[in-house]
Amino acid sequence: MSLLAIEGLGMRFGGVAAVDQVGFDVQAGEILGLIGPNGSGKTTVLNLLSGFLTPQAGSVRMRDEDITGWGPERLAQRGVLRMFQLTRVFTRMSAFDNLLTAGMARGLSEAESTTRARSLLAELTLEPVQYLDAGQLSGGQRKLLEFGMLFIEPPLLAMLDEPFAAVHPVMREVMARFIRSRHAQGATFLLVSHDMPIVVDLCQRAVCMNAGRVIAAGDIHSVLKNHDVIEAYLGNSDAQQPASLEVQGDG
Ligand SMILES: Nc1ncnc2c1ncn2[C@@H]1O[C@H](COP(=O)(O)OP(=O)(O)OP(=O)(O)O)[C@@H](O)[C@H]1O
Ligand SMILES: [Mg+2]
């Protein structure tokens, strides 16, 4: 079942068509990978889908409702959340208090927020640092904290932009485990990542963009074997790790 149906999405910055005639579906309950070389338009798509930018063309439907052009708050109320959307970390507040605040901002009672915060801190391996100011956490710990804040009240659709970038491998595995567990509980994800092994591990399907357009979509293994996808990565000297496409082997 389709949760989001995106059609003909367009966004230009000056002369650059950052997003050009982009269309794809996000199925309910899936982890959909959004991949593509640097500058291909992935973040702009997330900005359009999360209400941080208003599309200049195209439409977005959630189930049977037209949500094109909705702002971040209205989308968040419907459970469509981008990672940092309601998860702005307050650096001079403890990790625990950040979670508590996030829970209460989402309408939970203090008692319920506290219970959920404790359980999330344990699951995300943040117990040892829970009373440190969030500003003292490492980049990876802070991202884990953002995961906790996002999921203190589970969203319908969680959009993540490069959550694994510059994160220690041990914490990357905690993140991947967290995503798998929430996926098992029914959450839907749109995951932007350059980390192909993790994308292959987590995603059944992927959409690949290049120069603002969708160049391939479907089963992750067929996308990674797609000629245009390989060309896009190889042809883009700025692209991160074309070699990471090597994981296509077992498909
Ligand atoms: N606010 C903006 N103003 C002007 N140009 C922009 C803006 N945001 C994005 N762009 C341009 O739009 C294109 C797509 O950028 P975008 O950040 O969406 O790509 P990306 O796929 O997320 O790249 P990366 O993998 O490097 O994060 C690029 O050419 C970029 O320079
Ligand atoms: Mg980006």
* **Filtered residue count, region 49-76, keeping only those that are closer than 19 Å to PRO155 by Cβ and touching a strand residue (DSSP E or B) at 6+ places or on another chain (Cβ under 6 Å)** => 5
* Determine, yes or no, whether ALA176 is over 20 Å from ASN98 (Cα atoms) and at pLDDT 95 or above. => yes
* Asked: Checking LEU245 against (1) modelled with pLDDT of 95 or more; (2) part of a helix (DSSP H, G or I); (3) closer than 21 Å to THR43 by Cβ; (4) of a type outside the set (S, T, N, Q), which single condition isn't satisfied?
  -> (1)
* **Test for SER222: is it of a type in the set (S, T, N, Q) and touching a helix residue (DSSP H, G or I) at 6+ places or on another chain (Cβ under 8 Å)** => no
* Structure fact -> Taking region 142-176 and keeping only residues that are among the charged types (D, E, K, R) and within 16 Å of ligand 2 (Cβ to nearest atom), one is left with LYS143, ASP161, GLU162
* Output the residues belonging to region 18-41 that are within 16 Å of ligand 2 (Cβ to nearest atom) and surrounded by fewer than 18 Cβ atoms within 10 Å (Cβ to Cβ). => ASN38, GLY39
* Take region 180-201 and flag every residue that is of a type in the set (A, V, I, L, M), in contact with a helix residue (DSSP H, G or I) (Cβ under 6 Å, 6 or more places away or on another chain) and more than 16 Å from ligand 1 (Cβ to nearest atom). => VAL200
* Asked: Can you find a residue in region 150-161 that is in a helix (DSSP H, G or I) and of a type in the set (A, V, I, L, M)?
  -> yes
* Read through the list (1) in contact (Cβ under 8 Å) with a residue 24 or more places away in the chain; (2) among the hydroxyl-bearing types (Ser, Thr, Tyr); (3) more than 16 Å from ligand 2 (Cβ to nearest atom); (4) closer than 30 Å to PHE24 by Cβ, then give the number of the only condition that THR68 fails. => (1)
* Would you check if HIS168 is modelled with pLDDT of 95 or more and assigned by TED's automatic domain parsing to the domain that holds PHE24? => no
* Asked: Among the residues of region 55-65, is any surrounded by 15 or more Cβ atoms within 10 Å (Cβ to Cβ), free of Cβ contacts under 8 Å to residues at least 24 places away in the same chain and either more than 16 Å from ligand 2 (Cβ to nearest atom) or at negative phi (or both)?
  -> no
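The values are calculated or read from the model by the stated rules, or taken from the named source; none is laboratory data. Computed from a predicted model, the values in this text were never measured in an experiment. Virtual Cβ from ideal backbone geometry, glycine too; neighbours counted across all protein chains shown.
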